[in-house]
Amino acid sequence: MKVICNGTELSEALSKVIKALPVKRINPILDGIKLKAKGDVLSLYASDLELSIEKTINAEVLIEGEIVVPGKTFEEYVRQIKDEDKITLDATEKLNLNVSYLDSYVKFKCYNANEYPVYKDVSQDESFVIYKKDFKALIEKIVYCVATDDSRPALKACCLNIKETEIEGVASDGFRLAFVRKTIQNNGQEKQILVPAKSLTEIGKLIDDGDETMTVYVESNYMMIDLFHTKVITRLINEAYINYDKIIPTDFTTEVTIDKNLLQKAINRVNVINKAEKRGVVKIEIKEDVAYFTTNTSDGDVNEKISIGLKGKDLLIGFNPKYISECLNATSDSFVTMFFKTSTSPAIIKGEDDSWQYLILPLRISA
């Protein structure tokens, strides 16, 4: 293999595919990025066997071929020379890649590309079309809610429930649940899939918030998105998800509408005082047209007062302030509405429409 390519394009491509490298070593060759030169393009590919990312760039291909180069070191080095207009990648010497630019060069010890796992190609028979900005928003509004422990594998994933004209995105760690609904054009059968949170996070980073549409392909245990010169494939989790329709309450006695920015600032200040606490809690006392947000810790006390719009009964309830903060960070709505039934029942936070909602379990507090 021997190619000439632009430094900026090569560096940008590497910055995308490197996201698929394993966090922990699985197999030494998976620490590498596969380079394949064919026709007039250079393809870069990385995988941790759960998430795979492929990126292609234009290149002057002098000799076709492929090789696997140490991923992190190669990406970091290319980043240092990304301003070079022409970088030559020469893998004609067995298991070595010579990178030359101007009068300088570096040699990387490489792996045989034949030993790299076979690239999984996903069937395009079943798919759905969605606006990029909608899919990006769906991911951002749910992915932070997934569980981080291994006791319930299904909760380490986000559930995508593909219906006839819409898709529901759901994530939960057992203490809270985020739900988002977006319109789609369905070109396949309706199904429910579980996508690993890491994969969905990286997909969200690759998608811009433009008005263009994108196609998502689903085949048995895999999902693929194709973004022009970038292709992402993720393995799905084969587990049953929680029946979230039965978890989300619909009967409430207290409804509070509040300025999102004021609420966010108040919760952030509560979080500052709560940092040293193993079990941080914010008490919310709702009285007529005011909500009081208080916390008492060894580092100090906070008492925030915010005007609200109230329908229903007064209430005193407690929550983990971090859970409220993360929900508010994920929405750009100007106002949110909080729904309560009792001080021990799950509460719901909604935006200015019914496209998303957030369930959060309360904490027991003393009056």
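General observations
- Qualifying residue in the stretch 189-208 (condition: hydroxyl-bearing (Ser, Thr, Tyr), in contact (Cβ under 8 Å) with a residue 24 or more places away in the chain and surrounded by fewer than 22 Cβ atoms within 10 Å (Cβ to Cβ)): yes
- Output for the stretch 177-212, where each listed residue is in contact with a helix residue (DSSP H, G or I) (Cβ under 9 Å, 6 or more places away or on another chain), in a loop (DSSP other than H, G, I, E, B) and within 20 Å of THR165 (Cα to Cα): ILE184, ASP211, GLU212
- Exactly one residue out of GLU76, GLU66, GLU84, GLU60 is at pLDDT 95 or above and under 28 Å from the mean Cα position of the chain (by Cα), and it is GLU76.
- Scanning the stretch 251-289 for residues that are among the aliphatic types (A, V, I, L, M) and farther than 22 Å from GLY351 by Cβ returns VAL272, ILE273, ALA276, VAL281.
- Condition check for GLU9 on (1) in a helix (DSSP H, G or I); (2) farther than 19 Å from PHE228 by Cα: one failure, at (2).
- So LYS34, is it surrounded by 15 or more Cβ atoms within 10 Å (Cβ to Cβ) and not in a strand (DSSP E or B): no
A quick yes/no check of all residues on (1) free of Cβ contacts under 8 Å to residues at least 40 places away in the same chain; (2) charged (D, E, K, R); (3) surrounded by fewer than 15 Cβ atoms within 10 Å (Cβ to Cβ):
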| residue | (1), (2), (3) |
| --- | --- |
| CYS110 | no, no, no |
| GLU115 | no, yes, yes |
| VAL118 | yes, no, yes |
| ASP125 | no, yes, yes |
| SER151 | yes, no, yes |
| CYS158 | no, no, no |
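- Residues satisfying the stated conditions in the stretch 39-59, i.e. out of contact with any Ser or Thr (no Cβ under 9 Å at 6 or more places or on another chain) and part of a strand (DSSP E or B): SER47, ASN58
- Scanning the stretch 238-251 finds no residues that are over 16 Å from ILE142 (Cα atoms) and buried (at least 17 other Cβ atoms within 10 Å of the Cβ).
- The criterion of at least 3 residues that are touching a residue at least 24 places away in the same chain (Cβ under 8 Å) is met by the following helices (runs of 4 or more DSSP H) wholly inside the stretch 232-351: 260-274, 321-329.
The values are calculated or read from the model by the stated rules, or taken from the named source; none is laboratory data. These numbers come from a predicted model, not from an experiment. Don't worry about glycine lacking a Cβ; one is built from the backbone with ideal geometry, like all the others, and counts go over all protein chains shown.
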